[in-house]
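As structure tokens, the structure follows; a few thoughts come after it.
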Amino acid sequence: METMNSDVVVFAVGLVPFVWAGIEFQRRVLSGESFGTGKTGRVKFKRGIDREETADGGARVLGDGALALAYILFAIAIGVVTISLASVMSEFTGPG
């Protein structure tokens, strides 16, 4: 099956939201900002706690386990994108 240039462009453009989300996730974790909106949707990550807590203002505070799981999910997503990119590149380089 041949990969069309437009397919590659659509794939590349589709990566933009995921890259943006990854950068935003890191920024918020490092700065201690919350994610989400509303009373039940706000979440913060805090290192050094074992289970969920509630912060002032009603935000849920998730500890090291939730942060580790989030990093695992990001690693899986990066792996899938890497495999996809390798597949696309093999279409262009092809055998011989």
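Bear in mind that the values in this text are calculations on the coordinates, not laboratory data. On a predicted model such as this, the values are computed, not experimentally measured, just so you know. Reconstructed Cβ throughout: ideal geometry from the backbone, glycine too, with neighbour counts over all protein chains shown.
Normalised by 2.2 N^0.38 Å, where N counts its residues, the alpha-carbon radius of gyration of region 5-88 equals 1.35. Couplings 3J(HN,Hα) for region 8-25, derived from phi with the Karplus relation 6.51 cos²θ - 1.76 cosθ + 1.60 (θ = phi - 60°), are 5, 5, 4, 4, 5, 5, x, 6, 3, x, 6, 5, 4, 5, x, 5, 5, 4 Hz, where x marks Gly and Pro. Working from label points 7 Å from Cα in the Cα-to-Cβ sense, the Thr93 to Leu73 distance is 3.3 nm.
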